[in-house]
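Structure record follows, encoded as structure tokens.
The values are calculated or read from the model by the stated rules, or taken from the named source; none is laboratory data. Bear in mind that the values here come from a model prediction, so they are computed numbers and not experimental data. Glycine also receives a Cβ, built like all others from the backbone with ideal geometry; neighbour counts cover every protein chain displayed. Keep in mind that these areas ignore ligands, DNA and RNA; they rest on the heavy atoms of the full protein, side chains included. Shrake-Rupley method; radii C 1.70, N 1.55, O 1.52, S 1.80 Å.
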Amino acid sequence: MKKTAHPASRAAGAALSLLIGAGLGATAWASGQAPPAKSPPVLQSETAGVTPFAGLSAHQISYSALDGLEGGGVRVIDGDTARLVASVYSSQYANFEWSPDHRTLYVSETYWALGNRGKREDVLSIYGGPTLSNQGEIPLPGRLISDPKTHTFALSADGHYGYVYSFQPAPAVSVIDLPARKVLTSVEIPGCGLVFPFGPRGFASLCADGSLAVADANAQGQYKVRRTKRFFDVMNDPVMDESAADERSGLALFVTYDGWVHPVHLADTPRFGKPWSIEQAAGMSPATSQVGQITWRPGGQVPFAYEPSRHRLFVLMHEGAPWTFEEPGSEIWVLDVRTRALLHRWAVPQSAYLVAVTADAHPLLFALSQQWLWVMNAQSGTVQRATQIVTPGLVRVGGE
Amino acid sequence: MRRSELDNWGERLTRRLAGRLSRRSMLSRLGALLVAAPAFPLLPVQRARAADAPAAGTDFSRNAQTHDDTACNYWRYCGIDGNLCSCCGGGVHSCPPGSQPSPTSWIGSCINPDDQRAYLIAYRDCCGPNECNKCSCLNTDHAMPIYRPQANNHVIWCFGTNSFEYHCSMAVLVGLAQ
């Protein structure tokens, strides 16, 4: 390698020249010229520390980095400044969720003793305290290793229980007592997947035949699983993994590839609302899976965000053919799920793969492309600020 | 405790087998069955998908081609998600050196534009090295959600290998879907 002056060395040389110059100046002052103005005080020595973290605030967004490309990690960005404010380590293929008070972060993740091999450990890592530091781990019996999926990990509305979806050797949900830091049981859900909590201890899962599995615990903590009727056509128009759900009210909005919204009030006996079409709400014909039908369709990585207080459903929409449910959205459509009406169509500056909305009185809407995060006013759609991000995987916001 | 007729029958069968077969013989037969398992097609899954096989083309097949297996629109890649092994030192049905094919896969069906027939494709992941990150494709023709895993391309299909590190994906032709 050809030896050249390192930039730091050049800087040091320049500083030395300045010092020499300053020395010459001092000599001139000593020789009778006017003294300079009062010099600033000498800077005080410092101690290194960690910036305090008071929990995910109402306008903050946390997102994981896409596996494979970015190597994991959870980052927190303040929507009011679009600045990075905190980061937490995670394995690849991790999922994460905040406690209801947003002070504790749970990361569902997997490690191998020798990096890509050796003894496997599935854990629920806990971060919190005044500096968002590691607070220990809860060993898990297993978890699904997959591309980012929001509903592979969830907490009960009161934050007492955690639910981790596992796939090996069979579909099951591990139920974790978070204050006691122990796994209580694993509930087998044959032919079903994902987890949508409801009530104090219940959860539902979507099933491969178009039905739901509903699991709830009795007073002794024993779970019983029941299957509901089939409510969607899984082969021709399945509901998306990333459908939106509000665990506080138990309302799930299962949205199909073609844009049919199936509102379901999750409970021991779920109540199935009448399905409605996003495209019809916009005055269009419903999308179908017919070859060659180019129309507006929902799509992306996390294409739905629900704001319970105003009953708003935000959907990433693109124009495309059937089976393009992972295409990013060029627009965000805002729908009122009570009146089933389209309220707004907002263009995003660059096609977005993920969308999220805060749940406070002045909500922010976040749209994430593979490189950018846009912060929008959730009531007007105005883009307020933007920042560059690493390729995102999953997203969780303040006020949820 | 009263014994049922089923218990008695089970005991007779077990004793007869124990008398005729050595433990090693039993293990060797079981082992042979396990080794041969990948050679048997995943019948229930394939039959289910065969019934759903598109007959008159799909939006993907309309733009698919049959000569370049390093391009995302190669006909077999109608449901592939990830890095093409063809760009990573392997091929459309072979893993790159240093990686290991998973014995598990998900099954899709793609239409060959040359003969307009639907073929069953096993999307198999190669596992072990870090992600290849070349020729990244995301095709979702008839791909199912993760709660229907036998037709889902988001599961990391590295079950049964020495490592769960995803490297790349192959599209192995299984046979006609029709």
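A simple spin-label model places the labels of A:Thr51 and A:Thr387 0.8 nm from each other, with each point 7 Å out along Cα-to-Cβ.
When chain A is treated as a Gaussian network with alpha carbon springs shorter than 10 Å, the biggest mean-square fluctuation among A:Gln293, A:Gln370, A:Gln301 belongs to A:Gln293.
Highest GNM mean-square fluctuation among A:Gly329, A:Gly142, A:Gly118, for chain A modelled with Cα contacts below 10 Å: A:Gly118. Of A:Lys182, A:Lys149, A:Lys38, the residue with the largest accessible area leads and the full order is A:Lys38, A:Lys182, A:Lys149 (1.4 Å probe). Is the shape of the range A:141-182 rounded, prolate or oblate, going by the alpha carbon gyration tensor and its root eigenvalues a ≥ b ≥ c, with a/c under 1.5 for rounded and a/b larger than b/c for prolate? It comes out oblate by the Cα gyration axes.
The relative contact order of the range A:310-357, computed from alpha carbon pairs under 8 Å that lie at least 6 residues apart in sequence, is 38 percent. Axis angle, to the nearest 10 degrees, between helix A:7-30 and the longest C-alpha principal axis of chain A: 40 degrees. Considering only A:Trp112, A:Ile138, A:Trp98, and ranking their Cα positions along the charge dipole of the range A:98-181 that arises from unit charges at the beta-carbon of Lys, Arg, Asp and Glu, the one farthest toward the positive end is A:Trp112.
For the range A:155-201, a decrease in accessible area of 30 Å² or greater in the assembled protein chains relative to the isolated chain, with a 1.4 Å probe, applies to A:Phe167, A:Gln168.
Here A:Tyr111 sits with roughly 80 square angstrom of accessible surface, probe radius 1.4 Å.
Could you sort the residues of the range B:100-141 by number and keep only those whose accessible area is reduced by 30 Å² or more in the all-protein-chain setting relative to the chain alone, 1.4 Å probe? When all protein chains are present, B:Glu131, B:Asn133, B:Leu138, B:Thr140 each give up 30 Å² or more of accessible surface. Counting only protein heavy atoms and a 1.4 Å probe, chain A has 45 square angstrom of accessible area per residue. Computed about its Cα centre, the charge dipole of the range B:53-168 is approximately 160 debye, with only Lys, Arg, Asp and Glu carrying charge at their Cβ. Taken per residue, the accessible surface of the range B:55-166 reaches 35 Å², heavy atoms only and a 1.4 Å probe. Each Lys and Arg contributes +1 and each Asp and Glu -1, all at the Cβ; summed about the Cα centre of the range A:204-257, the dipole is approximately 360 debye.
Across chain A, C-alpha contacts under 8 Å between residues 6 or more apart give a mean separation that, scaled by the residue count, equals a relative contact order of 11 percent. Rounded, prolate or oblate: which fits the range A:52-112, taking a ≥ b ≥ c as square roots of the Cα gyration tensor eigenvalues, rounded meaning a/c under 1.5, else prolate when a/b beats b/c? The shape class here is oblate.
Leaving ligands and nucleic acids aside, the A/B contact buries around 2900 square angstrom of accessible area in total at a 1.4 Å probe radius. Each of A:Glu46, A:Glu70, A:Glu326 has its accessible area taken with a 1.4 Å probe; listed largest first, they run A:Glu46, A:Glu70, A:Glu326.
Between Rg and the Kirkwood Rh of the range A:41-159, both from Cα atoms, what is the Rg to Rh ratio? Ratio of gyration radius to Kirkwood radius: 1.03.
Sort the range A:254-368 into rounded, prolate or oblate with this rule: let a ≥ b ≥ c be the square roots of the eigenvalues of the Cα gyration tensor; rounded if a/c is under 1.5, and if a/c is not under 1.5, prolate when a/b is larger than b/c, oblate otherwise. Oblate shape, in that a/c is at least 1.5 and b/c is the bigger or equal ratio. Remark: the range A:167-286 carries a charge dipole of roughly 520 debye about the Cα centre, counting +1 on each Lys and Arg Cβ and -1 on each Asp and Glu Cβ. Largest mean-square fluctuation among A:Ala54, A:Ala157, A:Ala94, in a Gaussian network model of chain A whose springs join Cα atoms under 10 Å apart, belongs to A:Ala54. Contact-buried residues of the range A:291-310, at a threshold of 40 Å² lost accessible area versus the chain by itself: A:Val291 (1.4 Å probe; DNA, RNA and ligands ignored). Per residue, the average separation of C-alpha pairs within less than 8 Å and at least 6 apart gives the range A:205-338 a relative contact order of 15 percent. Think of the range A:230-375 as a dipole: +1 on every Lys or Arg Cβ, -1 on every Asp or Glu Cβ, centred on the Cα centre; then among A:Thr269, A:Val255, A:Asn236, A:Thr269 lies furthest on the positive end. For the range B:70-158, with all protein chains in place and a probe radius of 1.4 Å, 45% of the accessible heavy-atom surface sits on carbon or sulfur.
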